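Contents: one structure, followed by commentary.
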Amino acid sequence: MLDAVHAMTFSAILCGIIWATALGFAAGNYACSLVHRLPRGRLILDKKPYCGSCGTALQVRDLFPVFSALMLRHRCRYCGVKYPVSHTWTELLVGLLYVLAYLQYNFSEQFLLITLVGIFLITLAAIEANERIVMGRIMLCVLVFGALYRTLQDHTIYDFFNGGLVAMIIGAAIWRKKIKMEGHVYILPKIAQLLTIGGVCVGLKGMPLFLILYAIFYAADWLIRKLFRSSNPPLMTVSFGLAVILPVLYPKLEMLLTLAR
């Protein structure tokens, strides 16, 4: 967990954590715009930040990540309408992601690609939580940056290609009855598409751990909802995101699985 900073002084590590937190909160604040605008077909830069209810342009004091939301109790300053708590969770989770990535990789190329993958994973989950849809455009972003990360780590394209191919075959076999044909192209269901993207991100060697984590987190989500008698189905993107980001952040998890065998 501290691979990149174990030889650094405490003051240097603390400065890095503060800087990573600030960057993460800022990136999380931007991700909240994606969460609100993309499902509604709006462009990211077509308008300055605004309230999704009354349309009032937000001022600087309204845009401080986490702190503004807490001070306003998740309500618009101008119309008083509540906005989703998931916005604050998005900012907090992206901030945490940046800190963990810094401690593991410092401010390196791996740090950049992992945080980009993580931002889109969190955005994907937040959109599903709010709108009950899994957006293909966000999935594509995860796929692209996951493939770049895998290539950087493995110095070859074969591992991510083979991982994605094997995952796609597994997904097609499990959910073959849900495969649809559009034009002359067969389209996998969303959950099989997620499985394929996960295979690209973790590579062929990381597939066993990814599948185990995916199953564990999905089962845990289902069980929690049963215990609390929630009528909503489990969010596939939450368990998927955790199953992808943990092996990517901590490659040594694969070694633990090997030892367990």
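The values are calculated or read from the model by the stated rules, or taken from the named source; none is laboratory data. Note that this is a predicted model, so its numbers are computed, not measured. Counting neighbours? That spans all protein chains shown, and the Cβs are built from the backbone with ideal geometry, glycine included. To get the accessible areas, we keep the full protein, side chains included, count just its heavy atoms, and leave off ligands, DNA and RNA. Shrake-Rupley method; radii C 1.70, N 1.55, O 1.52, S 1.80 Å.
Specify which of the listed residues (TYR186, TYR214) is over 21 Å from VAL142 (Cβ atoms) and aromatic (Phe, Trp, Tyr).
Numbers: TYR214 fails: over 21 Å from VAL142 (Cβ atoms).
Just one listed residue meets the conditions, TYR186.
Residues being more than 10 Å from CYS32 (Cβ to Cβ) and hydroxyl-bearing (Ser, Thr, Tyr): count how many of those fall in the range 57-91.
2
Here are some conditions: (1) surrounded by 24 or more Cβ atoms within 10 Å (Cβ to Cβ); (2) within 14 Å of ARG150 (Cα to Cα). LEU194 meets all but one. Which one does it not meet?
(2)
Could you check, for the range 122-135, whether at least one of its residues is out of contact with any Leu (no Cβ under 9 Å at 6 or more places or on another chain) and of a type in the set (Asp, Glu)?
yes
Please go through the range 159-178 and give me each residue that is within 25 Å of the chain's Cα centre (by Cα) and either among the small types (Gly, Ala, Ser) or outside any helix (DSSP H, G or I) (or both), ordered by number.
GLY163, GLY164, ALA167, GLY171, ALA172, TRP175
Name the residues in the range 52-64 that are modelled with pLDDT of 70 or more and under 15 Å from ALA31 (Cα atoms), would you?
Of everything in the range 52-64, just one residue is modelled with pLDDT of 70 or more and under 15 Å from ALA31 (Cα atoms), namely PHE64.
Output yes when any residue across the range 211-232 is open to solvent by less than 20 Å² (accessible area, probe 1.4 Å) and assigned to a loop (DSSP other than H, G, I, E, B), and no when none is.
There is no residue in the range 211-232 that is open to solvent by less than 20 Å² (accessible area, probe 1.4 Å) and assigned to a loop (DSSP other than H, G, I, E, B).
So which residues in the range 74-107 are in a helix (DSSP H, G or I), open to solvent by less than 30 Å² (accessible area, probe 1.4 Å) and of a type in the set (A, V, I, L, M, F, W, C), if there are any at all?
Once the filter is applied, which keeps residues that are in a helix (DSSP H, G or I), open to solvent by less than 30 Å² (accessible area, probe 1.4 Å) and of a type in the set (A, V, I, L, M, F, W, C), the range 74-107 yields VAL94, LEU97, VAL99, ALA101, LEU103.
Per-residue answers, yes or no, for (1) closer than 20 Å to LEU97 by Cα; (2) out of contact with any Ser or Thr (no Cβ under 8 Å at 6 or more places or on another chain); (3) hydroxyl-bearing (Ser, Thr, Tyr):
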residue	(1), (2), (3)
PHE228	no, yes, no
PRO234	no, yes, no
GLY241	yes, yes, no
LEU246	yes, yes, no
TYR250	yes, yes, yes
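So, in the range 140-158, of the ones that are out of contact with any Phe, Trp or Tyr (no Cβ under 8 Å at 6 or more places or on another chain) and assigned to a helix (DSSP H, G or I), which residue ends up most open to solvent (accessible area, probe 1.4 Å)? Walk me through it before giving the result.
Taking the range 140-158 and keeping what is out of contact with any Phe, Trp or Tyr (no Cβ under 8 Å at 6 or more places or on another chain), we get 140, 143-144, 148-149, 152-153, 155-158.
If we keep only those that are assigned to a helix (DSSP H, G or I) as well, we get 140, 143-144, 148-149, 152-153, 158.
Details: LEU140: 99, LEU143: 59, VAL144: 71, LEU148: 89, TYR149: 5, LEU152: 49, GLN153: 56, TYR158: 151 Å².
The residue in question is TYR158.
Which numbered condition in (1) in contact (Cβ under 8 Å) with a residue 24 or more places away in the chain; (2) over 16 Å from SER239 (Cβ atoms) is the only one that ALA192 fails?
Against the list (1) in contact (Cβ under 8 Å) with a residue 24 or more places away in the chain; (2) over 16 Å from SER239 (Cβ atoms), ALA192 comes up short only on (2).
Taking the condition closer than 24 Å to GLU131 by Cβ, of a type in the set (Val, Ile, Thr) and either within 17 Å of the chain's Cα centre (by Cα) or open to solvent by 70 Å² or more (accessible area, probe 1.4 Å) (or both), does ILE245 pass? Give the derivation first.
Numbers: closer than 24 Å to GLU131 by Cβ: yes; of a type in the set (Val, Ile, Thr): yes; either within 17 Å of the chain's Cα centre (by Cα) or open to solvent by 70 Å² or more (accessible area, probe 1.4 Å) (or both): yes.
Criteria met by ILE245.
Being touching a Leu at 6+ places or on another chain (Cβ under 9 Å), assigned to a loop (DSSP other than H, G, I, E, B) and not basic (Lys, Arg): is that true of LEU204 here? Working first, answer last.
Working: touching a Leu at 6+ places or on another chain (Cβ under 9 Å): yes; assigned to a loop (DSSP other than H, G, I, E, B): yes; not basic (Lys, Arg): yes.
Yes.
Looking only at the range 167-186, which residues are more than 21 Å from VAL238 (Cα to Cα) and either at pLDDT 95 or above or open to solvent by 60 Å² or more (accessible area, probe 1.4 Å) (or both)?
Of everything in the range 167-186, those that are more than 21 Å from VAL238 (Cα to Cα) and either at pLDDT 95 or above or open to solvent by 60 Å² or more (accessible area, probe 1.4 Å) (or both) turn out to be ILE169, ARG176, LYS177, LYS178, LYS180, MET181, GLU182, GLY183, HIS184, VAL185, TYR186.
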